[in-house]
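Participant: Supplied in structure tokens, the structure appears directly below.
The values are calculated or read from the model by the stated rules, or taken from the named source; none is laboratory data. Only a predicted model underlies this, so the values are computations on that prediction, with no experimental measurement involved. Cβ: placed from backbone, ideal geometry, glycine included. Neighbour counts: every protein chain shown. Each accessible area value is taken on the protein alone, full model and side chains, heavy atoms only, with ligands, DNA and RNA left out. Shrake-Rupley method; radii C 1.70, N 1.55, O 1.52, S 1.80 Å.
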Amino acid sequence: MHDLGFFRANLDAVADRLALRGFQLDRDSFRQMDAERRAALTQSEQLKARRNAASQEIAALRKQGVDTAVRQQEVRALGDEIAACEKQAEATDDRFRELLKGIPNLPHESVPAGGGAEDNVEVRREGSPRAFDFAPKAHWDLGTGLGVLDFERAAKVTGSRFAVYWGLGAQLERALINFMLDLHTREHGYTEVLPPFVINSASLYGTGQLPKFEQDLFKLRDTDYYLAPTAEVPVTNLYRDETLDAEALPIKLCAYTPCFRSEAGSHGRDVRGIIRQHQFQKVELVKFARADQSAGELESLTNDAENILRRLGLPFRTMVLCTGDMGFSSAKTYDIEVWLPGQGEFKEISSCSNFEAFQARRASIRCKAAKGKSELAHTLNGSGLAVGRTWVAIVENYQQADGTVTVPEALRPYLNAECITARGALK
């Protein structure tokens, strides 16, 4: 959420920045609401001054033995008017707060202007797509052909956009989770945390999913509980309503969780396979930093996520999202996209974002140095990585002409297999 005082003092500049990301702030309505609030407060102050003067006059008259009943009644009436003005000002503030809840974060000045994905800018590319001497298949054909991926039974158990993994398919998913957590904790300096997978509405508000994106969530009936759409939510809210030691920042956390999303806004995208599921696994990276650290911490967080793909030998590119393609809460985002030969395209496998103080203001996460003043912390997060999409990338990039899949060297100690075949593992 935003600082109301900053909005009032910089309304035109703020509106111009928001326009870059396709959000039109109604400046006239904002100014009118602000004028109503100021008028109510001004009237309240004027009435208070009249009441004070009248109270002093009554005190003087009473010393003279004058009956002040009428004047006292007038003062009580002024009190009622003051209360009404203050109530009006408070109501306007509530309207402001509701307005601010629906306004996205301001894009960082380094973010390229643009209207959508076509205006995102590639910042680097690593690895070369493999040259196949046969027509590569998509993962939905490879997985079902090997008997390690099952959509029909998942649909029977639950419905569409769910999957069952069998044998080495399930083991590959588990191996990826362990590999990612080990790399981030042992080499990248993150502390592993296992948070609840069920979260409350205050947590979702803190990270910006509520109230705007409620339709994308699964809510548990007759409770204030939701299934976590990403580990970003419970991990960021571990420090909600707390003040952190500024000298101890950055704090770097990583977590594995299943994630649950209704995909209400997907409109039929990626309906085949496991690219866009209602339930999927993810390893998330979350950081808490000082304002002077967060830009550099975004770069290092993105590099940490990229390093998973480097170790697995998967070609990828990294894009900085333009103003019109960023998420609601983000000030700057890098999307890491992995090459999928079975589909002939790059597909996003991680979004790494700096939210600056946007989430911290909503969740009341502050930091304070020993001799300094308290200020809002900056929060960052990114997938490190989306496990299902990494599974897809391995199956498609390491497929062989006979339909088997070679296991990347980095995963063999975790999977205890060199190749995934329809019969099992060749050791």
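Residue-wise test of (1) surrounded by fewer than 24 Cβ atoms within 10 Å (Cβ to Cβ); (2) within 20 Å of T333 (Cα to Cα).
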site	(1), (2)
E356	no, yes
A360	no, yes
A370	yes, no
E375	yes, no
A386	no, yes
A393	no, no
Q400	yes, no
T404	yes, no
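Participant: For the condition in a loop (DSSP other than H, G, I, E, B), at pLDDT 95 or above and out of contact with any Lys or Arg (no Cβ under 9 Å at 6 or more places or on another chain), what is the one hit in S351, S330? So that I can check it myself, show each step before the final result.
Facilitator: On the way: S351 fails: in a loop (DSSP other than H, G, I, E, B).
On inspection, the qualifying residue turns out to be S330.
Participant: Okay, next question. Can you tell which of E348, E396, E337 is in contact with a His (Cβ under 6 Å, 6 or more places away or on another chain), within 22 Å of E306 (Cα to Cα) and charged (D, E, K, R)? Working first, answer last.
Facilitator: Working: E348 fails: in contact with a His (Cβ under 6 Å, 6 or more places away or on another chain); E337 fails: in contact with a His (Cβ under 6 Å, 6 or more places away or on another chain).
Exactly one residue qualifies, and that residue is E396.
Participant: Any idea which residue in the range 276-308 is farthest from W140 (Cα to Cα), counting only those that are touching a His at 6+ places or on another chain (Cβ under 6 Å) and either open to solvent by 10 Å² or more (accessible area, probe 1.4 Å) or at pLDDT below 95 (or both)?
Facilitator: Checking each candidate, the answer is A291.
Participant: In addition: For the range 100-124, how many residues are in a loop (DSSP other than H, G, I, E, B) and either open to solvent by less than 70 Å² (accessible area, probe 1.4 Å) or not acidic (D, E) (or both)?
Facilitator: Step one: list which residues in the range 100-124 are in a loop (DSSP other than H, G, I, E, B), which gives 102-116, 120.
After this cut, where a residue has to be either open to solvent by less than 70 Å² (accessible area, probe 1.4 Å) or not acidic (D, E) (or both) as well, the list is 102-108, 110-116, 120.
Number satisfying all stated conditions: 15.
Participant: Okay, moving on. Out of R174, R186, report the one residue that is charged (D, E, K, R) and touching a helix residue (DSSP H, G or I) at 6+ places or on another chain (Cβ under 9 Å). Walk me through it before giving the result.
Facilitator: Values: R186 fails: touching a helix residue (DSSP H, G or I) at 6+ places or on another chain (Cβ under 9 Å).
Of R174, R186, the one residue that is charged (D, E, K, R) and touching a helix residue (DSSP H, G or I) at 6+ places or on another chain (Cβ under 9 Å) is R174.
Participant: Got a sec? Which helices (runs of 4 or more DSSP H) wholly within the range 125-200 have at least 3 residues that are at pLDDT 95 or above and surrounded by fewer than 13 Cβ atoms within 10 Å (Cβ to Cβ)?
Facilitator: Values: elements: 139-146, 152-157, 168-186.
Hits in the range 125-200: 152-157.
Listed here are the residues, each with its yes/no results for (1) among the aliphatic types (A, V, I, L, M); (2) touching an Asp or Glu at 6+ places or on another chain (Cβ under 7 Å); (3) in a helix (DSSP H, G or I).
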{"residue": "D12", "(1), (2), (3)": "no, no, yes"}
{"residue": "F30", "(1), (2), (3)": "no, no, yes"}
{"residue": "R37", "(1), (2), (3)": "no, yes, yes"}
{"residue": "L47", "(1), (2), (3)": "yes, yes, yes"}
{"residue": "E57", "(1), (2), (3)": "no, no, yes"}
{"residue": "A60", "(1), (2), (3)": "yes, no, yes"}
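Participant: In addition: Run down G116, G102 and say which single residue is touching an Asp or Glu at 6+ places or on another chain (Cβ under 7 Å) and within 30 Å of S29 (Cβ to Cβ).
Facilitator: Numbers: G102 fails: touching an Asp or Glu at 6+ places or on another chain (Cβ under 7 Å).
It is G116.
Participant: So which residues in the range 410-427 are open to solvent by 40 Å² or more (accessible area, probe 1.4 Å), at pLDDT 95 or above and not in a loop (DSSP other than H, G, I, E, B)?
Facilitator: Those that are open to solvent by 40 Å² or more (accessible area, probe 1.4 Å), at pLDDT 95 or above and not in a loop (DSSP other than H, G, I, E, B): R412, P413, Y414.
Participant: Right, next: Filter the range 373-409 down to the residues that are hydrophobic (A, V, I, L, M, F, W, C), over 14 Å from F179 (Cα atoms) and in a helix (DSSP H, G or I) and list them by number. First the steps, then the outcome.
Facilitator: Narrowing the range 373-409 to residues hydrophobic (A, V, I, L, M, F, W, C): 376-377, 380, 385-387, 391-395, 401, 405, 407.
Adding the requirement that they be over 14 Å from F179 (Cα atoms) leaves 376-377, 380, 392-393, 395, 401, 405.
Those that are hydrophobic (A, V, I, L, M, F, W, C), over 14 Å from F179 (Cα atoms) and in a helix (DSSP H, G or I): V392, A393, V395.
Participant: Which of the residues spanning the range 309-327 are out of contact with any helix residue (DSSP H, G or I) (no Cβ under 9 Å at 6 or more places or on another chain) and either outside any helix (DSSP H, G or I) or open to solvent by less than 40 Å² (accessible area, probe 1.4 Å) (or both)?
Facilitator: Here is the first cut: in the range 309-327, the ones out of contact with any helix residue (DSSP H, G or I) (no Cβ under 9 Å at 6 or more places or on another chain) are 310, 317, 320, 326-327.
The answer is R317, V320, M326, G327.
Participant: Based on what the data block shows, is T92 among the β-branched types (V, I, T), free of Cβ contacts under 8 Å to residues at least 24 places away in the same chain and either out of contact with any helix residue (DSSP H, G or I) (no Cβ under 9 Å at 6 or more places or on another chain) or at negative phi (or both)? If you could, list the steps in order and put the result at the bottom.
Facilitator: On the way: among the β-branched types (V, I, T): yes; free of Cβ contacts under 8 Å to residues at least 24 places away in the same chain: no; either out of contact with any helix residue (DSSP H, G or I) (no Cβ under 9 Å at 6 or more places or on another chain) or at negative phi (or both): yes.
No; evaluated as a whole, the condition is false for this residue.
Participant: On to the next question. Report, ordered by the first and then the second residue, all pairs with beta carbons closer than 6 Å, sequence separation of six or more or different chains, a first member in the range 126-137 that is more than 15 Å from K347 (Cα to Cα), and a second member that is open to solvent by 60 Å² or more (accessible area, probe 1.4 Å) and assigned to a loop (DSSP other than H, G, I, E, B).
Facilitator: F134/A401
Participant: Restricting to the range 3-55, name every residue that is over 34 Å from the mean Cα position of the chain (by Cα) and free of Cβ contacts under 8 Å to residues at least 24 places away in the same chain.
Facilitator: R38, A39, T42, E45, Q46, A49, N52, A53, S55
Participant: Can I ask one more? Provide a single number: the residues in the range 212-250 that are among the acidic types (D, E), part of a helix (DSSP H, G or I) and touching a residue at least 60 places away in the same chain (Cβ under 8 Å).
Facilitator: Qualifying residue count, the range 212-250: 2.
Participant: Does R269 fit the bill of being at pLDDT below 95, of a type outside the set (S, T, Y) and open to solvent by 50 Å² or more (accessible area, probe 1.4 Å)? Talk me through it step by step, then tell me what you get.
Facilitator: Numbers: at pLDDT below 95: yes; of a type outside the set (S, T, Y): yes; open to solvent by 50 Å² or more (accessible area, probe 1.4 Å): yes.
It is true that R269 is at pLDDT below 95, of a type outside the set (S, T, Y) and open to solvent by 50 Å² or more (accessible area, probe 1.4 Å).
Participant: Follow-up question, since we're still on this one. Taking the range 20-65 only, how many residues are acidic (D, E) and open to solvent by less than 50 Å² (accessible area, probe 1.4 Å)? Lay out the reasoning, then the answer.
Facilitator: Of all residues in the range 20-65, those acidic (D, E) come to 26, 28, 34, 36, 45, 57.
The next check asks that each one be open to solvent by less than 50 Å² (accessible area, probe 1.4 Å); those that pass are 34.
Going through the range 20-65 one residue at a time, the tally reaches 1.
Participant: State whether the residues of the range 362-372 include one that is within 19 Å of the chain's Cα centre (by Cα) and part of a helix (DSSP H, G or I).
Facilitator: Checking the range 362-372: at least one residue is within 19 Å of the chain's Cα centre (by Cα) and part of a helix (DSSP H, G or I).
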